[in-house]
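Report on one structure; see the data block that follows.
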Amino acid sequence: MIIGVLKEPAGETRVSLLPEAVASLQKKGHEIWVESGAGISAYADDDSYTAVGAKIVEGSAFKEAHLMLSIHPPGFPLVAGQILIGSFQPLSYPTFVQKMVTEGVTCFSLDMLPRTTRAQSMDVLSSQANIAGYKAVLLAAHTHSRYFPMFMTAAGSIAPAKILILGAGVAGLQAIATARRLGAVVEVFDTRPAVKEEVVSLGAKFVEVEGAADASKAGGYAVEQDEAFRLRQQEKIAASVKKADIVITTAQIPGKKAPVLVTSEMIHSMKPGSVIVDLAAGTGGNTTLTLDKQMVVENGVRIFGDSNLAAGMPSDASKLYGKNVTNFIELISGANGQVNLNWADDLVKGCCITHEHAIVHDRLKS
Ligand code: NAD
């Protein structure tokens, strides 16, 4: 097959396949075509792709490609029957889904993969959220006006930074681990009691709120909470926010607006110089003041909204994303190296959103 690697839109630094991943696809008999400049922001120039045998093309050449890789939606129309693999958040972008139907593209959105053990090696949400959690702590450490670790020096003692992390999914757990490595004292909230053990094993304190809605049938994801729980949680979060030097928020509910967990009243209770990093900014944010891709200053507290912190580490983010997509190509390929879709496979069915001019994903049909 001819596999195309698309150039991402302005502002995205990652690329869906680095030169180091080209050989593994060539070994399966595929030819790799890369849109000129696609890897430049991830420190992979055109020459580094040609050096490993990939061909550099302009976007118009992709009408001959069989399968295309990207992170964001392509900037040009595709041809009926082509396969597109990326991370398109189709629940939030119905017009993109409709475009794929009109163009007759077989479109796979890897962010829709079921969160099962078999899917782990293809799970782009996990590989990228892990980076985002790590970068969130580094951003906070870089911009905070105080130390993270405790110090006893001749010039006086420094108390360790107090960090509050809201949401202990993939990003939250990595944020806990990174903050602990830097010597901070960490408190954590999550609506899923199942994460308590992991939080505690990372050396953080898990703050429990009684009566969370049962999420056991939500495939490992959170579900929306009722008003009574929300009020109990707000009261406890308010007390923790007031003590915190840094708040990192990661709470999301797939396909829904992010829950507002930190009110402006809570932000006003924080010490000037404190920092909030909101990773849920792309779905509305976990604070009332968050703006995506912007820093807001309120009462001396800096609030960084960033839904794509993984792009701040483009080399490793692209490397892991590329591994996720090559694993997925392997999954959908038959013995002859051609795509052979098995609709009985829950991973294929779970992330294919459009096929032969129709929406095929159950969650997108209603
Ligand atoms: P996510 O990004 O959807 O949400 C982040 C966290 O926010 C979650 O832990 C969620 O419970 C929490 N949250 C939601 N609403 C909240 C609220 N009101 N207050 C506090 N916290 C709230 O989650 P994710 O990182 O994508 O992971 C979701 C689940 O999937 C986790 O259990 C994770 O372990 C699991 N997972 C499984 C696999 C796999 O087996 N392939 C891969 C990745 C993740």
Among the residues that make up region 136-144, is at least one of them surrounded by 14 or more Cβ atoms within 10 Å (Cβ to Cβ), touching a residue at least 40 places away in the same chain (Cβ under 8 Å) and either under 30 Å from residue 356 (Cβ atoms) or near the ligand (Cβ under 10 Å from one of its atoms) (or both)?
no
Do any strands (runs of 3 or more DSSP E) entirely within region 162-280 hold 2 or more residues that are in contact with a Leu (Cβ under 8 Å, 6 or more places away or on another chain) and within 10 Å of the ligand (Cβ to nearest atom), and if so, which?
185-189
Looking at region 192-211, I want the residues that are among the β-branched types (Val, Ile, Thr) and have a partner that is within 13 Å of the ligand (Cβ to nearest atom) and assigned to a helix (DSSP H, G or I) with Cβ atoms under 7 Å, at least 6 apart or on another chain. Which pairs are those?
199/176; 207/236; 207/240; 209/229; 209/232; 209/233; 209/236
Condition check: away from the ligand (no atom under 16 Å from the Cβ) and assigned to a strand (DSSP E or B). Does residue 157 satisfy that?
yes
For region 78-113, enumerate the residues that are in contact with an Asp or Glu (Cβ under 6 Å, 6 or more places away or on another chain) and more than 21 Å from residue 282 (Cβ to Cβ).
78
Please count how many residues of region 46-98 are farther than 15 Å from residue 35 by Cα and aromatic (Phe, Trp, Tyr).
3
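Could you please find all residues in region 101-116 being assigned to a loop (DSSP other than H, G, I, E, B) and within 14 Å of the ligand (Cβ to nearest atom)?
113, 114, 115, 116
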(1) in a loop (DSSP other than H, G, I, E, B); (2) at pLDDT 95 or above all hold for residue 11 apart from (2)
Out of everything in region 281-292 that is surrounded by fewer than 22 Cβ atoms within 10 Å (Cβ to Cβ) and assigned to a loop (DSSP other than H, G, I, E, B), what residue ends up being nearest to the ligand (Cβ to nearest atom)?
284
Considering only residues that are on the phi > 0 side of the Ramachandran plot and not charged (D, E, K, R), look in region 330-364 and name the one that is surrounded by the most Cβ atoms within 10 Å (Cβ to Cβ).
337
The helices (runs of 4 or more DSSP H) lying entirely within region 308-366 that contain at least 3 residues which are among the hydrophobic types (A, V, I, L, M, F, W, C) are 314-332, 346-351
Hey, residue 25 within 26 Å of the chain's Cα centre (by Cα), part of a loop (DSSP other than H, G, I, E, B) and among the aliphatic types (A, V, I, L, M) or not
no
Which residue out of 129, 119 is under 13 Å from residue 306 (Cα atoms), within 9 Å of the ligand (Cβ to nearest atom) and among the hydrophobic types (A, V, I, L, M, F, W, C)?
129
First in region 233-249 and touching a residue at least 60 places away in the same chain (Cβ under 8 Å) and under 13 Å from residue 209 (Cα atoms), second anywhere and β-branched (Val, Ile, Thr) and away from the ligand (no atom under 15 Å from the Cβ), Cβ under 7 Å, 6 or more apart
none
Please specify each residue of region 46-93 satisfying the condition of being in contact (Cβ under 8 Å) with a residue 24 or more places away in the chain, out of contact with any strand residue (DSSP E or B) (no Cβ under 8 Å at 6 or more places or on another chain) and under 21 Å from residue 112 (Cβ atoms).
91, 92
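The values are calculated or read from the model by the stated rules, or taken from the named source; none is laboratory data. Fair warning: this is a prediction, and the values are worked out from it, not measured in the lab. Cβ: placed from backbone, ideal geometry, glycine included. Neighbour counts: every protein chain shown.
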